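Only one structure is covered here, and it is reproduced in the block below.
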Amino acid sequence: MFSKNKASRSDILISEQIKDVDACLIRFESFLRAASSPEATFETLRVLSDAVGEAEGAADKSLRRMIDSLGGNFLPSTRQDLISIATSCDRVANKCEAFAQMAIFQRFRFPAEYMDEALEILAISRDQFALLEKSIRMLFSDINKLLRDHSILDDIRAAESRVDAIEQSLYERIFAMDIGLAERRQIAEFVGLLADISDLIENIADKIQIMLITRKA
């Protein structure tokens, strides 16, 4: 599907984009930890939120460079699939930025009693993204191996199921809290935003598997 001489430039650029998205996830983790700490000032949170936004901006730029590199190097269907995967990766960074911005706008602090679960969701999501990065590299470097064995995509989906279980448990605990409905809904909204990162990564794994199936013949 990919000849090495044609794919090498795009391979480098999509790797750069993935690194930028991962850098955004790292900065987002710093923000999330601070957002549950009563010691963290609002100005500190704003600085950390801005750092997430800067990382998201870098991911946007590397996405555009990657798309520009495709040119006529690939068949239209392959080019379309790669653009779909790359733009979906960018949505992971967008979701991080959206969470941080909304937290700043609403002056939201993640309840400390739910922080362990929130960080576990993010840790699983980062593990998923590492698997996704490996699978995307294989598209360029060892497509035949990925065609023979795409269990790595199943691992990504299994991780998303773990996130779903944590998310549902959190919803049950949140809506059982003795606080106002508006506050419960606010907390639940941020849990949903956080869990959406894992959903996005799973969706990209599905895109890759569809791409493999349609090219297999």
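The values are calculated or read from the model by the stated rules, or taken from the named source; none is laboratory data. Fair warning: this is a prediction, and the values are worked out from it, not measured in the lab. In this analysis, Cβ positions are derived from the backbone assuming ideal geometry, glycine residues included, and neighbour counts consider all displayed protein chains.
Within region 32-53, residues that are free of Cβ contacts under 8 Å to residues at least 60 places away in the same chain reach partners that are not in a helix (DSSP H, G or I) with beta carbons closer than 6 Å, at six or more positions or on different chains, in the pairs ALA34/ALA40. Taken over region 137-153, the residue count meeting the criterion of being part of a helix (DSSP H, G or I) and either in contact with a strand residue (DSSP E or B) (Cβ under 9 Å, 6 or more places away or on another chain) or loosely packed, with under 12 Cβ neighbours inside 10 Å (or both) is 4.
Among what's in region 47-84 and is surrounded by fewer than 21 Cβ atoms within 10 Å (Cβ to Cβ) and among the β-branched types (Val, Ile, Thr), pick the residue that is nearest to ASN203 (Cα to Cα). The extreme case among them is ILE83. Please determine whether any residue of region 158-173 is touching a residue at least 12 places away in the same chain (Cβ under 8 Å), more than 16 Å from GLU202 (Cβ to Cβ) and not hydroxyl-bearing (Ser, Thr, Tyr). Checked region 158-173: at least one residue is touching a residue at least 12 places away in the same chain (Cβ under 8 Å), more than 16 Å from GLU202 (Cβ to Cβ) and not hydroxyl-bearing (Ser, Thr, Tyr).
Could you tell me whether THR44 is in a helix (DSSP H, G or I) and closer than 24 Å to THR214 by Cα? Here the answer is no, as THR44 does not meet what is asked.
Can you name the residue in region 1-33 that is buried (at least 17 other Cβ atoms within 10 Å of the Cβ) and polar (S, T, N, Q) and is also modelled with the highest pLDDT among such residues? My answer is GLN17.
For region 100-113, the set of residues classified as in contact (Cβ under 8 Å) with a residue 24 or more places away in the chain and over 13 Å from ARG33 (Cβ atoms) consists of GLN101, MET102, ILE104, GLN106, ARG107, PHE108, PRO111, listed by residue number. Given the structure, is GLU160 buried (at least 17 other Cβ atoms within 10 Å of the Cβ), closer than 22 Å to LEU32 by Cβ and either of a type in the set (D, E, K, R) or at pLDDT below 95 (or both)? Taking the combined requirement at face value, the residue satisfies it. How about region 86-104: which of its residues are closer than 24 Å to LYS134 by Cβ and either in contact with an Asp or Glu (Cβ under 7 Å, 6 or more places away or on another chain) or surrounded by fewer than 23 Cβ atoms within 10 Å (Cβ to Cβ) (or both)? Across region 86-104, the qualifying residues are THR87, SER88, ASP90, ARG91, ALA93, ASN94, LYS95, CYS96.
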